[in-house]
Structure formats: structure tokens, C-alpha cells
Number of protein chains: 2
Amino acid sequence: MDDIDRMLIGLLQEDATRSYAVLGKAVGLSGGAAHERVRKLRERGVIRRTTIEVDQAALGRAVTSYVMIEGGSWMGDSAAELAAIPEIEEAHVIAGPASLLLKIRTPGTRELQDVLRRVFQVDGVTGTRTIVVLETFFERTLK
Amino acid sequence: MDDIDRMLIGLLQEDATRSYAVLGKAVGLSGGAAHERVRKLRERGVIRRTTIEVDQAALGRAVTSYVMIEGGSWMGDSAAELAAIPEIEEAHVIAGPASLLLKIRTPGTRELQDVLRRVFQVDGVTGTRTIVVLETFFERTLK
DNA sequence: TATGAAATTGATGACCC
DNA sequence: GGGTCATCAATTTCATA
């Protein structure tokens, strides 16, 4: 993990369709060497996968919300139960008054209610507090 | 935007290195036709860009936190001021007691303090409440 | 680990349905 | 819109240092 690896990661985050020849030139290596470095970054799991960034609103998910969940121990398979709800994008165990934080995307607030109802049925959930996003300033990839 | 477009988006989210020939076969089209559909999805902005998903911890950003900000009107260029802080991954205007929600990634809690100090200096900020993530169950791309 | 070149595979555009 | 084909470009592998 040196500066060249970090530069390659930055370039690929911006645009993963760049050719290895172009990447190599940008970091002062041959295309083959750039390729080999990227291959190893993938192998080591630093680069998890190549994917596309999608406009969620265009796919009919216009409402983003965060839900703080109060509850007990998340020992069982609460994680799996939450993962089974397709509208939940992120689930974190947090410090503080609540103990889980979810990020949820739904077409509207109507569908958000349905998701909250399902969340409430997950083992150990005793209460929820919902934060609806009114406007997103930015959602970006860190360099 | 039909079911084939949605399938193509799903396939590319899983793995954007798939060839158009493979994509076409998966959705019952020729490679050329699949290519044309994906081109139009990009053109329309439904697909924003092709990127890589990176293991943040491997890049030295081990601590994820959310910060709820109380404050006034975000009319000026608060958005730009926040965007200038590189550790802030997301910034949302929210409904509820606070009025902004930030997602922050730092190497440790020490650096989180530095970021909070900078956030406090942004125009209109009167208070912050920080939620530190203890464990992430998942952070995924919605299908 | 890097280079340079060879071989394979994929992208892209013109043309027709 | 989609299919097919020809051309051009990129990926991937390998011999060599």
C-alpha cells in the first residue's frame, strides 16, 4: 500500500472504465504494471468490486430516511433479519441512546411506514425514531 | 425504463466488469442491444458512473460516525463549506430536532474531534450530537 | 515488481431488419 | 429498438530482466 496504490484507487473511484494504459501513464508506470497492482488490490480485498453508481430517485426510491432503533442485544440473527428487508441500505450498531442505525430508501413515506412495521417485528426492537431526509447536499466517495 | 433496463442495472451493480455479450445473454438480447441500452441509461443519468467499492478500513478510515447538527438556515453556502471537509461522506438536510445529518469517516476518534471542530465553525451551526458506529452489519447497494 | 510484446477477448460503429 | 458483422481497442498472459 504505497502512494501509487492510493493514486490508482482514487483514479478508479472517479472512473473505473479507464484503461490500464491510461492508469499507468497517470501514475508513471507501464500499463502492465498498473494492471498487476490493481489485480493485487482486488486480491487483497482493498478493492471490493467494480460497480455502477445509480440515481436512486430515477429508480423510484425518492425518500431517504434514517431510523434509530432502541432495543436489546443483537446477538441472534438480527443482522440477517434486517438484511432480509430490501429497503434497508445500511445497518450499524451504534453507541448512544439508541443502539442501531438504519439507512432506508423507499419510493415514498407510505412505503417507509411498511418498512418500519417490518423493522418493529425484528427480535429485540423496542422502539424506533425516524429521521426523514428533506434534501441531500451530497453523497460522495471519499478520496 | 422497463424490466430489462432494471435487470441490466442490477447486473452491473453486482459486477460492472461484465462484458456486454454476457449482459445481453443474461437479459435475452444481443451484446450490441445491451450495449445500446446501457449507453442510454448513462446518457439519461440513471447510471451516474462506473466506480470501485473500496474497503475503507484498509485505507485507514476505521471509524464511521454520524453527526446531527442543530442550527439555523442553510441558505448560504453551508453545503460548500461542508463539502470542503474531506472526511464528510454525506450531508443531508433532515426533518426533526436537528437539521443536518453528516456521515463522517476518520482513522480514529482523535481525528473525529478535529472534524467536529471544523464543523462547528461552519456558518449557522449551534450544536452537534455525535453517534459513533461500533459495528457495521452491512453497507450495501440496493437492487 | 516492472517492462514490452503476443494472443485473446471485448467494445464500437455501420448497415439492415 | 434490435441483430449481425467488421474493425479497432483493451485486457490478460508470458518471457525477460
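Going by Cα centres, segment A:60-110 and segment B:5-19 are how many Å apart?
25
With each run of n ≥ 4 DSSP H residues scored as -39500 (n - 2.57), what mean residue ellipticity at 222 nm is computed for the protein assembly as shown after dividing by its residue count and rounding to the nearest 500 deg cm²/dmol?
Numbers: 10 runs with 102 residues, N = 286.
Mean residue ellipticity, 222 nm, calculated: -10500 deg cm²/dmol.
Normalised by the residues of segment B:57-143, what does the relative contact order come to in percent, with Cα pairs under 8 Å and at least six apart?
Numbers: 130 pairs, mean separation 36.1, N = 87.
For segment B:57-143, the relative contact order is 41 percent.
Gaussian network model of chain B, Cα springs within a sub-10 Å range: biggest mean-square fluctuation belongs to which of B:Ser99, B:Ser30, B:Ser78?
B:Ser30
Taking the Cβ-Cβ separation of A:Glu139 and A:Arg42 as r and a Förster radius of 22 Å, what is the calculated FRET efficiency to the nearest 0.05? Mind showing how you got there, number by number?
Numbers: r = 24 Å, r/R0 = 1.11.
About 0.35, to the nearest 0.05.
Let me know the volume per residue of the alpha-carbon convex hull for the protein assembly as shown, in Å³.
On the way: hull volume 44.1 nm³, N = 286.
Cα convex hull per residue, to the nearest whole number: 154 Å³.
Please report the orientation-averaged projected area of chain A, defined via the convex hull of its C-alpha atoms, in nm². The partial results should precede the final answer.
Numbers: hull surface 43.9 nm².
Reported value for the Cα convex hull: 11.0 nm².
When a footprinting reagent is the concern and you count Cβ atoms within 10 Å, what order do A:Thr126, B:Thr128 take, fewest first? Each step should come with its number before you reach the end.
Numbers: A:Thr126 10, B:Thr128 16.
If I rank by nearby Cβ atoms, fewest first, I get A:Thr126, B:Thr128.
Given a Förster distance of 22 angstrom, what is the FRET efficiency for B:Ala95 paired with A:Asp114, based on the Cβ-Cβ distance and rounded to 0.05? Numbers along the way, then the final one.
Details: r = 19 Å, r/R0 = 0.87.
Calculated value: 0.70.
Relative contact order for segment B:1-119: what percent, with Cα pairs under 8 Å and sequence separation of 6 or more?
Numbers: 120 pairs, mean separation 23.2, N = 119.
It comes to 20 percent, rounded to a whole number.
Read-outs: derived from the displayed coordinates by stated rules, not from any lab. Only a predicted model underlies this, so the values are computations on that prediction, with no experimental measurement involved. Methodologically, a virtual Cβ is constructed for each residue, glycine included, from the backbone with ideal geometry; neighbour enumeration extends over all protein chains shown.
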